[in-house]
Each structure stands twice: as structure tokens, then as C-alpha cells.
Amino acid sequence: MSDSPAAVLEVRGLVKQFPGVRALDGVDLDVRPGEVHCLLGPNGAGKSTLIKCVSGAVEPTEGEILLGGEPLPTGDPAASLGLGVATIYQELDLVEDLTVAQSVFLAHEPRRGPFLDLQKMSRDTAALLARLGHEGISPRSRVSRLRPAAQQVVSIARALSHDVRVLIMDEPSAILDEGEIETLFGVVRRLTADGVGVIYITHRLDEIRRIGDRVTVLADGRTAGTGLPASTPTDRLVELMVGRIVERLYPERPRGAGEVVLEVRGLRRLPEVRGVSLEVRAGEVVGLGGLVGSGRTELLRLIYGMETPDEGEVWVGGEKLPPNRPDKAIAAGLGLAPEDRKSQGLLLDWSQTKNVSLADLGRFQRGLLNVRAERVAAREHLRSLRTVPDDAERIVRELSGGNQQKVVLARWLLRSCRVLLLDEPTRGVDVATKAELYRVITDLARDGLAVLVVSSELEELVGICSRVLVMREGELVFEVDGAQASERELLRHAVAPTDSADFVEEVR
Amino acid sequence: MTTAPEAAPVEKGTEDASGTGRRQLLGVGLQEYTLVGVVVVLFVVGAILKPDSFPTADNVRNMLTQASVVGVLAIGMTFVIATAGIDLSVGSMLAAAGMAGGVLVDPEGSTLVFILGAVVFATILGTVNATAIAYGRVVPFIATLAMFSIGRGVALLLNDKLPVSLLDLNGGSFGDPAPFSLLWFGTGRIFGIPVSVYVFLGITIIGWLLLNRTRYGRYVVAVGGNREAAKIAGVPVRRTIFSVYVLSGLLAGVAAVLLCSRLASASPVSGNLYELDAIGAVVIGGTSLAGGRATIVGTFLGVLTFALIFSLMTQLNLSTEVQQVTKGGIVLGAVLLQRPEARL
């Protein structure tokens, strides 16, 4: 830990004691001007608490935070912001109905007398966007009409509308696809060139090498390693995070050669899905890559019967599914783990047991429900996936993202489904849990399930899939054997053939 | 959490002993225990303030008999609110059902005809609500507000705004109603307990089993808790929503039978504002207005709480106007108390 005198932000021995939990237990961190300092750690390691302490949302119990050598007042978000510490949260927190300019200057609108100075607002917004290299975004367009990446840029512009010295970015790439991430990195590089210090929280190890200068690893509220060079080997970082050596991130990929279980013929629902045909065999994991908005999620929902197709058919095990009937799809053997576990996959206030059994209650009902049999069966499947905590009555809201995903998977195991549709199964999940989920998914395929996985992380598609398909603008444009797939090639097919030069146009 | 309880299947409910906040066995949580306390306290307060008239067998019988009408409505309302819906029309459906049964049956006709007429008619009205909401996609508040007006209008139209006497259905007299005469349901007793209280208790138990021990009950709460997640898990969302409004109508018919049998007549202006009593009892009981959490035990205790409060106020000679203000205030307070939980 080199005490660089030039550090713009220094955190020394930070402790945060919550009732019953010591969220931070002595954390050190120094951020230099113009660097991207990556913050890494499993869920619950204290990353959020750390940034909340720095941004003033949470008051630390012990320790000090220095900004440019001066102590930063703690527990005062307005003061932190005023002194130049801005935060961009993972979930986009823009008001969708406002215009870009209104969003950027929300709560500190420039005034002329008692009135808003709309011209200045518009002009300054345009200048900020230009500074970020996104002149293409109009200050007058509504936020709701921008793509996620562009909304992200607006969030950053809002942070810059204060005089920012340290910018904290909490998993900014989580909702972006590869092309958009490149845009984000472009923006980050411009900021660091201006001397802004960036704290960049991520779960994607590849991003550290692509954008980071140094890395700090948190584990159990402590700094397991701080100020490491971005070139630190991945294995070493994972080891620091989980406190032990993880053998392999990706298990052996399944080589499915069973019969065709899922067959999709000419499925179309304009404008998102423009005629897709595909087959998935028992025992294989088929990856579906592509940019966000390429129609991947919509395709899964069409297959599952959540939407009515304009045209096309879905066959499962030689049986044609009626449109718009998820219950029939389930009866035929389909199971869906949706993109957003919390809002689409689970009843958060229900126990693990009840969430697992919901799709297969009929088997426990002989007149009345046999809740004991229900609990035993649910527990068996939860245990087989090693869900933590091992308490089937625990409310699902209290589980980590990875364990919530396991609850969804346990539901379909209980139902003995034949085809699993997984939409972003590892989003927001830390590396150690990701490795576990990869093993679960590939094991299921080896047990004879057909698995179709949508993911924005091309690396994981390359890592676990038997075959990878790429979708672009509602059509399948590329197919490759998993063992031969490369991220670069997939990305090339995922973005428009005219290359990503027209990205700014699309943003508009 | 320990894994030990699994090894001891001998005692009933051992699985509930592991860990904190277990409330799986009866669907009973903190709020229900609190309500038991409230009921006891109210009773004690009543006994202190009016030692001669409040804690008497007669008064308790009276309270329970009156509570059974709203109680039956509240059980149906619990299912509706569990789906994040609302039924504002139960009072009007009740009046219309009583009038329909009364007009249908001859003055000295069969009790069974009256009961069937009332229950079937209320079920039809409930089905109209259900169709509008589940298939017409009308917001429950608006659909049942319309039925609130329609039901009352129908009740007034059926006998030219006049009540119908039901005194002579299957014979008997007020003092000594023949078994299974209509009066018997309202004023008869078995082992000293009014028949209508048995009906209320029976419906409460069936409601509890339906909500907590059947697939259907799970579906109802799942639909209220997260409609999208329920659909993805294969729950027939529309059919489930449809069913709760039919059920609410059916129970309004049962409540009509209880009320008419007690008054020995059907009145087109009966059941006024009963929807508020029913909703109030459900909310006080702890069922979430946002859906996804429902408790029949809580509703039952909520009904008792309301009954005690208003019996006490009546005995203290407080006017109905004051009671009305209090009622509204309690419901508002109960909803406000729910909020912090909803935020978690």
C-alpha cells in the first residue's frame, strides 16, 4: 500500500457496525486522481456499505475518510456531493418522464430570479454531454426514450454537473451489453483524462483489465488486498475474494447429442422477433448471445407462451404448444428462469419451500395440501443445489441473488422439467457463486435436460455452452460450436455489420 | 438454521420449532397474537365499564350473531384482497340477494327456496363483477363500485322499494323457531349458541383450509403477491382472479340469509356500508391491501374486534354517527399501520 501523497481520496481503517452485523471491519483504500480503481468482492463483502460511507449515505462507526487530504464530513450526502464525491448507482435512478436536461439538473436547476433558466440548462447539458463524447443525445429528449447505455451517460452527466473529483460507479455495466460497455469505457477514459478519480465496482473480472488501473478486493468487511495492479492474475483475485482457491470457473462443457426436445419454427412477433427457428437437444446447453434489445428475452418469452406470436410454432418433445399458455408450456416440460428474478421469478415474501412448490402443487394435493410432503420435497431439491441458508422456511427476500436463482432452479427440478430457459442466470451474482451456477447448469444438461441460456456475458457463453447462437435485430445471425467460439467473434456478429460506428446514431 | 428438526417427526409441528419467526402451522403471526390481546382487553374494558350488561351470555350471543353477517362477508373479502383486489359491492349484493330470495318464495313457502334464490342471485352478481374484472380488465375498484350501485338499485326495484316479510317460512315462531325454518337460522340455538354463529365458524374454517391447505389458496395469494411471477410459475391468473369475486358474491348470499333470518324479512336498504365493516375487519386482521399476504385467523379476530368495539359503544349510548366516525378512523389507522411492513 503505497501512501501516494497525490491520492484524491483516502480511506483509513473504516469500520461500520450495524446492529448485529459488522459490515466494515477496517477497510483501507486510496484513489489517485485520473485512475480507475476497481472494487471487487463477493456479495455481502461490504462494497455497498463502503461507498455509502464515502457518499455520506451511511455514517461510519470508526476510521477516517480524507478528500484531497482534508477530512470529509461523514453522514452528510449533500456535503459529500458538494465537495465533489458523486455516485452512480447500479439501478438507473433517473425519472423516466423527464427530459435529459431536466434529469441532469434535477434538484439544482439553474435559475434566473424565481424562474428556471431553461436556456442555460439546455446549453450546459449539451456541453456536459459533449465532454463525455455524446453530442448525439439531445438535451430535450425524454429519458424513457433513450437506450440503457445512453441513460447511463445521462447519469454520468448529472454527476459531472456537480464539480466532481471522485466518481463512484456501482456495477455500471450490469445492465449494458458489450457494445454499450465499450461506450461506457470511452466515457470513463475521458473522465480520468480530466483527472477525476473513479471507483469502479464490478463483478466482471475481465473488465478490470480492460478499464482498471488498480484493484482493491474486499472480503468479509476487510480489505483482502488493496492497490493491486490491474494485471493481477484472475485466479489470485478470486482467491482473495473467496479466501480459498477455486479450482475452475468453468466446468467441462456438456456435449449433448440426445434427441431434439425443443423445436422453434419461424417464431415471429414484430418488432422484436423476426422469424427465428432453432432446436435444442437433450443434454446440451445452447447459448443465445446478442446485444440488449436484440430480441433474446422476447424470444424466450414467446417460446414460453408469455406473449402471443404473430406467426410460428413451438414444439416440445413432439407436442405443439398452444400460444400464450405458460401453464401448458410447463405441462409439456418447459421451465423459465426469467431475467429479473425479483420482479418476475419469485414471491419475495414467501418461504423458499412455497416458491419451489408453486409450479407443482398438484402433486401434493390429495383433498388438502400435504404441507409436510411439500416441505420435504422442496428441501431435497434446495439441498441438491446447496442453497444457502439451508432453511427451507426462510423468506426468499433475505437470500442473496445467487441463492434466489437456485430457488428458481429448484422449482423446475421439482417439476422434473425437460427444457430450461435461462435468461441472464448469473446477473448480479459474485464470481464464486457464478462458478457454482455454471456447475449446476452443466450438470443438469448432463442429466439430460435441454438448456437454452440467454446471457450478455459472452465470456460465460463461451465458457459453458455446447453451442452458441447469436441474435441481432430479432434474427439468428450466427451459430458456432461452443468449443470453437470466441468472444471476439460473437461480439462481431452481435453488433451491426456496419460496425459499431453508428452507435451514437442509435442512441438518438 | 439447524437441520435437527427433520429427524423428529413424532410431534406435530416440530418443523416449526426451528429458527425464528415461524408461522407456518396456522398461518398465525405476530399480528394475530396482538389481536387476541386486543379482543381480551376490549372485553375486560367492557366488563369494567358495564359490569351488569356487557359480560353477559345474552350480550355475547347478540354480539356474535350480529358479527356473523359481516364475518361471512369478511371471509370472502379476505380472498379478494389477497389478490390485491377489492369488493365494494358486498353490502349491495347482500340486499339484492335477500330481496331476490324474498320475491321468489311464497309467503309460507320453503326456506330452501329462499336460501337457494338468495345465494344463486348473489353468485350471479358476483360473476358479473368477476367477468368485468378478469376478462373485461376493469379495475376492481371501479367494477365493484358500479355493482355497489347496481345491486342496491336492483334490491329497490325488486319489490317496489318495499321489504318482504319472511316470518312464516317453514313455520315456527320467534320464541321457538322450528328447526330449519328460516327463523331458526337467525334466532335458533344449539347448545346455547346461535345457529348463525355456527354458520360463521364453519365458513371461517372452510376459508382457512381453502386458503392455507389447497393449491387454489396458494394461487390466490401468489396472484396478489406477484402476478408476473405467478404466471411464469404456471398459475392460471385470470381464472383465479375470476373465482374470488364469484366467491365473494356467493358469501354475500350466505350473509343475506343470515341477516334476513334474524330480521324475519328482507329489506332493500339492508347491508348499507357493510363493505366497509368487512374491509375494515380484513385489514385490521393483517391481510395486506397490496396483496400477497392473507390471514383468515386475522380476519376472524378483526371481526370480533369490530363487534366488541361497537357493542361497547352502543352500551355506552354513543350515537351511530359517532360509531361511524370511529369505524372509519379505525380502518384508516389500520391501513397506516400496514405501511411500514409493506416497505420492507
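Once the gyration tensor of the Cα atoms in chain A is diagonalised, the equivalent ellipsoid follows with semi-axes of 40, 28, 22 Å, ordered largest first.
When only alpha carbons of the protein assembly as shown are considered, Rg and Dmax amount to 31.8, 101 Å. If R0 equals 35 Å, the separation of the Cβ atoms of B:Leu332 and B:Thr56 corresponds to a calculated FRET efficiency of about 0.60. Simple point charges give the picture: +1 on the Cβ of Lys and Arg, -1 on the Cβ of Asp and Glu, and for the range A:341-414 a dipole about the Cα centre of about 120 debye. Using R₀ = 56 Å, calculate the FRET efficiency as 1/(1 + (r/R₀)^6) where r is the Cβ-Cβ separation of A:Arg189 and A:Asn370; round to 0.05. Once the sixth-power term is evaluated, E becomes 0.40. About its Cα centre, the protein assembly as shown has a charge dipole of approximately 1500 debye under the convention of +1 per Lys or Arg Cβ and -1 per Asp or Glu Cβ, with nothing else charged.
If the segment from A:Val15 to A:Ala331 were pulled out straight at 0.36 nm per residue, it would be longer than the present Cα-Cα gap by 108.5 nm. By the count of other C-beta atoms within 10 Å, a proxy for reagent exposure, A:Phe115, B:Phe306, B:Phe79 are ordered fewest to most as A:Phe115, B:Phe306, B:Phe79. Within 10 Å of the Cβ of each residue in A:373-386, the mean number of Cβ atoms contributed by other protein chains is 1.
Placing unit charges on the Cβ atoms of the charged side chains and taking the dipole of chain A about its Cα centre, the candidate lying farthest along the positive direction among A:Ala331, A:Leu24, A:Ala257 is A:Ala331.
From least to most packed, judged by other beta carbons within 10 angstrom and beginning with the fewest, A:Trp350, A:Trp315, A:Trp412 follow the order A:Trp315, A:Trp350, A:Trp412. Ordering of B:322-328, A:357-363, A:306-312 by packing is A:357-363, A:306-312, B:322-328, highest average first (other Cβ atoms within 10 Å, averaged per residue). Where both bridge residues fall in the range A:9-242, DSSP classifies roughly 60% of the beta bridges as antiparallel.
Computed from the Cβ-Cβ distance with R0 of 45 Å, the FRET efficiency linking B:Ser110 to B:Ala146 stands at 0.85.
Binning the C-alpha pair distances of the range A:142-274 at 5 Å intervals from 0 yields a P(r) profile of 2, 7, 14, 15, 14, 13, 11, 9, 8, 5, 2, 0, 0 %, listed from the shortest bin outward.
Put a plus charge on the Cβ of each Lys and Arg, a minus charge on the Cβ of each Asp and Glu, and nothing anywhere else: the dipole of the range B:88-207 about its Cα centre is then about 480 debye. With a 10 Å cut-off around each Cβ of A:21-34, the average count of Cβ atoms from other chains is 0. Scanning chain B for GluC sites (Glu not before Pro) lying in DSSP loops with no more than 12 further Cβ atoms inside 10 Å, the longest uninterrupted stretch between such sites is B:109-344.
Cα-based radius of gyration for the range A:378-421, normalised by 2.2 N^0.38 Å, reads 1.09. Looking only at chain A, where both bridge partners belong to it, what percent of the DSSP beta bridges are antiparallel (to the nearest 5)? Of those bridges, close to 55 percent are antiparallel. Among the listed pairs A:Lys320/B:Lys231; A:Lys328/A:Lys354; A:Lys47/A:Lys354; B:Lys231/B:Lys327; A:Lys47/A:Lys434, those with a Cα-Cα distance over 29 Å are A:Lys47/A:Lys354; B:Lys231/B:Lys327. Listed peptides A:336-347, A:437-448 appear in the order A:336-347, A:437-448 once ranked by packing, highest mean of other Cβ atoms within 10 Å at the front.
Only Cα pairs under 8 Å and 6+ residues apart enter the sum, and on that basis the relative contact order of chain A stands at 16 percent.
Averaged over the residues of peptide B:235-241, the number of Cβ atoms from other protein chains lying within 10 Å of each residue's Cβ is 2. Spin-label model, A:Val260/A:Glu380: points 7 Å from Cα along the beta carbon direction are separated by 3.4 nm. The three principal axes of the Cα atoms in chain B give end-to-end lengths of 66, 54, 42 Å, sorted in falling order. Relative to the longest principal axis of the C-alpha atoms of chain A, give the angle of the C-alpha long axis of helix A:178-193, reported between 0 and 90° and rounded to the nearest 10°. In chain A, helix A:178-193 runs at an angle near 10 degrees to the longest axis. Our summary gives the range A:9-242 a relative contact order of 29 percent, counting only alpha carbon pairs under 8 angstrom and 6 or more residues apart. Put a dot 7 Å past the Cα of B:Leu273, heading toward its Cβ, do the same for A:Arg363, and the two dots end up 5.3 nm apart.
Residue-wise HN-Hα couplings along the range B:150-163, as the Karplus relation 6.51 cos²θ - 1.76 cosθ + 1.60 with θ = phi - 60° gives them from phi, are 4, x, 5, x, 4, 4, 6, 6, 4, 10, 6, 6, 9, x Hz; Gly and Pro carry x. Principal-axis analysis of the Cα atoms of chain A puts helix A:401-414 at an angle of about 10° to the longest axis. Summary value for the range A:85-139: 29 percent relative contact order, contacts being C-alpha pairs under 8 angstrom separated by 6+ residues. In this simple spin-label approximation, A:Arg142 and B:Thr131 carry label points 7 Å from Cα along the Cα→Cβ vector, and these lie 3.6 nm apart.
Toward the positive end of the charge dipole of the protein assembly as shown, with +1 on the Cβ of Lys and Arg and -1 on the Cβ of Asp and Glu, the farthest Cα among B:Asn272, A:Ser144, B:Gly217 is that of B:Asn272. Principal-axis analysis of the Cα atoms of chain B puts helix B:195-212 at an angle of about 30° to the longest axis.
No lab work stands behind these numbers, since they all come straight from the coordinates. A quick note: this is a predicted structure, and the numbers were derived from the prediction, not measured. Cβ sites come from the backbone with ideal geometry, for glycine too, and all protein chains shown count toward neighbours.
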